[in-house]
Each structure stands twice: as C-alpha cells, then as structure tokens.
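Presented below is the structure to which this report refers.
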Amino acid sequence: QVQLVESGGGLVQAGGSLRLSCAASNFERTFSTYAMGWFRQAPGKEREFVAAITWTGARPNYADSVKGRFTVSRDNAKNTVYLQMNSLKPEDTAVYYCAAKPFGLGSAQEGYYNYWGQGTQVTVSS
C-alpha cells in the first residue's frame, strides 16, 4: 500500500508560518501521477478539505478559509507534497492529513482519495 508520512507540524504563534511535508513511498506508479490533497481535523470536528493539487500540478485548489494564506506545491524528485501555511490563525489548529489519488485531478472530496497519511498536529496560539 502507498505510504504517506506527514511532518512539519508543531506549535506556532498566530501570524506565524509552518511548512508541512508529505513524503510518499511504496507507490505503484511514479509519484508525479498522483493527485495530492490536504485535509485537516480539529477536535470534535469533521475532517475538512484544505488544499489539493492535480497530478500535473497545473491548478491548485484551496478551501475558502485558507485562500491567500496557504500554498500547496509538490516536488516530484523528492516524492513529496508541501503545504506552506502563512498568517496562521488559532482556528487553523488541527491535525493535518495528506491524501493521494492515482491520476487524479485534485478534489475537495474525501472519498476521492485512495491513500491517507497518519497526520501531523498543528497548534496555533493566540
């Protein structure tokens, strides 16, 4: 099974920045063929869409709540997708997950993705 491992989470003050990474391994196809998504889940809340990038990387997609603050990108040579998070707010506090879909276009729907990571905690203080 494809393995996705998130890293880069931690504690940060409001207004600060973090860069999350999601490293992929054990995939059936080359990493460049996978659409990648980022989701997050706060305590007591449902998991929600954050950002996605197509397998071509052509058109990143973002939730309205993070537009203008977060940037999703990928480095196929490193089999890694990134989520650059700027101007962080306390409401961004959550466990962040990455997900993968072979030959995907990128989607805001959880059910679209085949594989999921274990998540990394992001905590933003006031």
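Within the chain, what is the longest stretch that has no GluC sites (Glu not before Pro) placed in a DSSP loop and near at most 16 other beta-carbon atoms within 10 Å?
It works out to 47-126.
Counting other Cβ atoms within 10 Å, keep those with at most 12, restrict to DSSP loop, and tell me which trypsin sites (Lys or Arg not before Pro) in the stretch 11-94 are left.
Working: sites: R19, R29, R40, K45, R47, K67, R69, R74, K78; in loops: R29, K45, R47, K67, R69.
Sparse-neighbourhood loop trypsin sites (Lys or Arg not before Pro): R29, K45, K67.
How large is ³J(HN,Hα) for each residue in the stretch 23-31, as worked out from phi by the Karplus curve 6.51 cos²θ - 1.76 cosθ + 1.60 (θ = phi - 60°), to whole Hz, x for Gly and Pro?
9, 9, 8, 6, 8, 6, 10, 5, 4
List, in order, the whole-Hz ³J(HN,Hα) value for each residue of the stretch 77-83 obtained from phi through the Karplus relation with A = 6.51, B = -1.76, C = 1.60 and θ = phi - 60°; use x for Gly and Pro.
Working through the residues one at a time gives 5, 9, 6, 9, 10, 10, 10 Hz.
Once amide H atoms are placed 1.01 Å from N in the peptide plane, what residues at a sequence separation of 5 or more from G104, or on another chain, have their amide H within under 5 Å of its amide H?
Hits under the 5 Å cutoff: A35, W55.
Could you quote the convex hull projected area for the chain, Cα atoms only and averaged over all directions, in nm²? Could you put the intermediate results ahead of the total?
Details: hull surface 27.5 nm².
The directionally averaged projection comes out at 6.9 nm².
Using alpha-carbon positions, what is the distance between the centroids of the stretch 26-40 and the stretch 41-117, in Å?
Answer, in whole Å: 11.
What does the charge dipole of the stretch 16-120 about its Cα centre add up to, to the nearest 20 debye, if the Cβ of each Lys and Arg holds +1 and the Cβ of each Asp and Glu holds -1? It would help to have the intermediate numbers written out before the result.
Details: 12 positive and 8 negative charges, 43 e Å.
Using only the charged Cβ atoms, the result is roughly 200 debye.
Could you go through the stretch 70-75 in sequence order and give the Karplus-derived ³J(HN,Hα) for each residue, using 6.51 cos²θ - 1.76 cosθ + 1.60 with θ = phi - 60°, rounded to whole Hz, and x for Gly and Pro?
Once θ is set to phi - 60°, the couplings for the stretch 70-75 become 10, 9, 9, 8, 9, 10 Hz.
Which far-off residues, 5 or more places away or on another chain, put their amide H under 5 Å from the one on L88, with H placed in the peptide plane?
It is G15, G16, by chain and number.
For the stretch 1-52, just run the numbers: alpha carbon Rg, then divide by 2.2 N^0.38 Å, N being how many residues it has.
Normalised Rg, Cα atoms only: 1.38.
As a test question: what accessible area, to the nearest 10 Å², does C98 have when a 1.4 Å probe is rolled over all protein chains in place?
Estimated to the nearest 10 Å², C98 gives 0 Å².
The values are calculated or read from the model by the stated rules, or taken from the named source; none is laboratory data. Fair warning: this is a prediction, and the values are worked out from it, not measured in the lab. Cβ atoms come from the backbone with ideal geometry, glycine included; neighbour counts cover every protein chain shown. Only protein heavy atoms, including side chains, enter the accessible area calculation; ligands, DNA and RNA are left aside. Shrake-Rupley method; radii C 1.70, N 1.55, O 1.52, S 1.80 Å.
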